[in-house]
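So the structure is just underneath, and the comments pick up after that.
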Amino acid sequence: MGDELRTEYHRQLEEIDTALARMIVLVEEAIAAASTAVLSSDDEAADVVAQRRAEISQLHSFLETLVVSQLVLQAPVAGELRFLIAVLRIVPEVELTAALAGDIGRRGSMHIGNELPARVRGLVSELFVRVQEMWRVAAEAYHDRTSGVLGRLQADDEEVDELHASLMAELASGVLRAPVLVEMALVARFLERLGVHAVEVGRWVETFSGDED
């Protein structure tokens, strides 16, 4: 019976691992769709963002329940404990990122992208590229259990902060109508936060990367 319980325990650890990897892939897809929604005023892309966010929310609830049950029933130690605690920390970061992508995607349905001058559009596009790349790096680090990724993500986040500052300065120059200005200021803030959450995921991946036990 002990061997059977242990086998089931490891099966559930694998299920947790697979579900979290799926969450991170979904959030990458949500960010990409949010970019299309805003910059191309694409209603279908905005719908994709909403769908990805809904699936992420379901996985969030599933993972929290499953992880807590393993912590209570199995009393994991060493690497398994570090992994489960990291999952509990990473899942909210992914959920918050999905919520921000959803907020950005909804603004795509306002068709504000059609009013963006070239300079603003370029900065927004570059911000999307940078945060998507940060989440790709975080996803690969999680999948491969890569250590040392935090420094790269922090450096990337500094570049995102610089782009955010440039975008806010451009918005402050009065190139947009007031309603569009307000919405784009929010989009800029949300994009900056996407980078912050990617850094936090990288921070927690570091806590169990390289574990062999």
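What is the residue count in segment 109-119 for residues that are surrounded by 17 or more Cβ atoms within 10 Å (Cβ to Cβ) and either among the aliphatic types (A, V, I, L, M) or modelled with pLDDT under 90 (or both)? Before the answer, list the steps.
Narrowing segment 109-119 to residues surrounded by 17 or more Cβ atoms within 10 Å (Cβ to Cβ): 112-113, 115-116.
The next check asks that each one be either among the aliphatic types (A, V, I, L, M) or modelled with pLDDT under 90 (or both); those that pass are 112, 116.
Matching residues across segment 109-119 total 2.
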Flag for GLU162 being among the acidic types (Asp, Glu), assigned to a helix (DSSP H, G or I) and either touching a residue at least 40 places away in the same chain (Cβ under 8 Å) or under 24 Å from ILE24 (Cβ atoms) (or both): no
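Which residue, of ALA178, ALA172, ALA185, is surrounded by fewer than 18 Cβ atoms within 10 Å (Cβ to Cβ), free of Cβ contacts under 8 Å to residues at least 12 places away in the same chain, farther than 21 Å from TYR142 by Cα and in contact with a helix residue (DSSP H, G or I) (Cβ under 9 Å, 6 or more places away or on another chain)? It would help to see each step written out before you state the result.
On the way: ALA178 fails: in contact with a helix residue (DSSP H, G or I) (Cβ under 9 Å, 6 or more places away or on another chain); ALA185 fails: free of Cβ contacts under 8 Å to residues at least 12 places away in the same chain.
Within the list ALA178, ALA172, ALA185, the selection yields ALA172.
Evaluate segment 132-150: report whether one residue or more is within 19 Å of LEU186 (Cα to Cα), of a type in the set (S, T, N, Q) and at pLDDT 95 or above. Steps first, answer last, please.
Quick first cut of segment 132-150, residues within 19 Å of LEU186 (Cα to Cα) only: 132.
Still in the list and also of a type in the set (S, T, N, Q): 132.
Okay, now just the ones that are also at pLDDT 95 or above, so 132.
There is at least one residue in segment 132-150 that is within 19 Å of LEU186 (Cα to Cα), of a type in the set (S, T, N, Q) and at pLDDT 95 or above.
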Number of the condition not met by ASP144 [criteria: (1) under 18 Å from ALA21 (Cα atoms); (2) surrounded by 14 or more Cβ atoms within 10 Å (Cβ to Cβ)]: (2)
Residue match in segment 77-87 (condition: surrounded by 16 or more Cβ atoms within 10 Å (Cβ to Cβ) and under 25 Å from ARG189 (Cα atoms)): no
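The values are calculated or read from the model by the stated rules, or taken from the named source; none is laboratory data. Small disclaimer: the values here were computed from a predicted structure and weren't measured. For neighbour counting, all protein chains shown are included, and Cβ atoms are generated from backbone atoms with ideal geometry for every residue, glycine included.
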